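Below you'll find the structure, written out as structure tokens, and then a few comments.
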Amino acid sequence: MADAGSSTGLLFAAGFAVQRVVEILDPLFDLLSGGDARKKRLMAGLFSSLCGCALSGLGNLRILTMMNVTPAPAEWADIVVTGLAIGGGTEGVNSLLKYASYKKDQQQQIAQPAVAAPRRPPPTLEKAKEATGARS
Amino acid sequence: MNGSAKVDPAGGVPQVEVRFGNCAGDFQCWMYDAAGANPSAYAAGTSSSKPFDLLKPADQVGRALYLEAYAGHGAATAVSISVTLVVKQDGKELAVMPQPHTLGPDRQATFSFVVEFTK
């Protein structure tokens with residue numbers, strides 16, 4: 001699988017591409033649904049989700065793997081979730097990535113100690129002289 | 001950063017000032033005994049604290065202090081900050097020890113100093 005940075009870019013590109021294709025095919029969906037708005041929405045939704053799943057499977061894009069979901073999901077489940085996110089267009093991908101970022105921040109906060117370690121000086125002047133300086 | 005300050009035994013009580021440049025934070029200071037061991041907590045403060053007094057000149061000479069300052073900024077970009085330790089006696093600056101440091105966005109840094117007092 002591509003690294004996290006390029007995968008994020010690919011997900012957005014895939015979501016945008018599917019969104020554009022659905023927009024281009026809009027008149028066709030109109031025609032096939034006979035003007036029924038609910039039918040049209042269903043058709044467009046199914047089409048974009050299938051396109052998303054195809055792009056996920058062929059492009060090796062796995063959003064759950066990117067999010068380090070534990071336990072590791074089955075590959076087909078990852079493809080379906082990624083496909084649905086891509087099918088939702090850039091908005092769908094954006095929502096999932098925001099959630100992933102939120103979870104990552106939360107995990108980092110948990111990893112930090114609740115109480116700062118007590119500050120201690122070096123035991124001798126000689127050691128203190130060696131330890132001075134600025135560090136971040 | 002290590003430095004020394006020449007104290008006038010006949011002068012007033014020396015003082016230490018910790019100046020935070022472009023940042024905020026706090027500090028702690030420990031004093032070593034005459035043998036350069038057994039550090040004991042001596043003073044603590046923040047970036048808005050006033051200078052603190054050291055021991056009387058006769059007692060301060062021959063000893064050293066270790067000061068750690070913890071400074072940070074909340075900017076979203078890298079910022080050049082500094083912490084400067086100043087030793088004063090009777091309004092005269094005996095030692096000025098500036099320590100600049102460039103910090104990444106929203107980060108903290110530790111600055112440490114040793115000052116030895118001589119006569």
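No lab work stands behind these numbers, since they all come straight from the coordinates. Nothing here was measured: the structure is a model prediction, and the numbers come from that model. No Cβ is skipped: glycine too gets one built from the backbone with ideal geometry, and neighbour counts run over all protein chains shown.
Brief remarks follow.
- Test item: Cα-centred dipole of the range B:1-117, Lys/Arg +1 and Asp/Glu -1 on Cβ, debye: 140 debye
- A simple spin-label model places the labels of A:L42 and A:A13 3.5 nm from each other, with each point 7 Å out along Cα-to-Cβ.
- Note on the range B:2-118: Cα-Cα pairs beyond 25 Å make up 23% of the total pair count.
- Number of partner chain Cβ atoms within 10 Å, mean per residue of A:74-83: 0
- Bins of 10 Å from zero: percent of alpha-carbon pairs in the protein assembly as shown: 7, 22, 18, 11, 11, 11, 10, 7, 3, 1, 0
- Theoretical gain in end-to-end length, B:N38 to B:T118 [0.36 nm per residue, Cα-Cα removed]: 26.9 nm
- Antiparallel %, DSSP beta bridges [both residues in the protein assembly as shown], to 5: 90 percent
- For A:K127, a cut-off of 27 angstrom between C-alpha atoms picks up these lysines, skipping any fewer than 8 places away in its own chain: B:K6, B:K56, B:K88, B:K119.
- Take every pair of alpha-carbon atoms less than 8 Å apart whose residues are at least six positions apart; their mean separation over the length of the range B:19-119 yields a relative contact order of 32 percent.
- Taking Cβ atoms as reference points and 13 Å as the exclusive limit, the residues near B:A78 contribute a net charge of 0, counting Lys and Arg as +1 and Asp and Glu as -1.
- For the residues of B:18-26, the average number of beta carbons from a partner chain within 10 Å of their own beta carbon is 0.
- Most positive-pole-ward Cα, B:T110, B:C29, B:Q99, against dipole of the range B:2-118 from beta carbon charges: B:Q99
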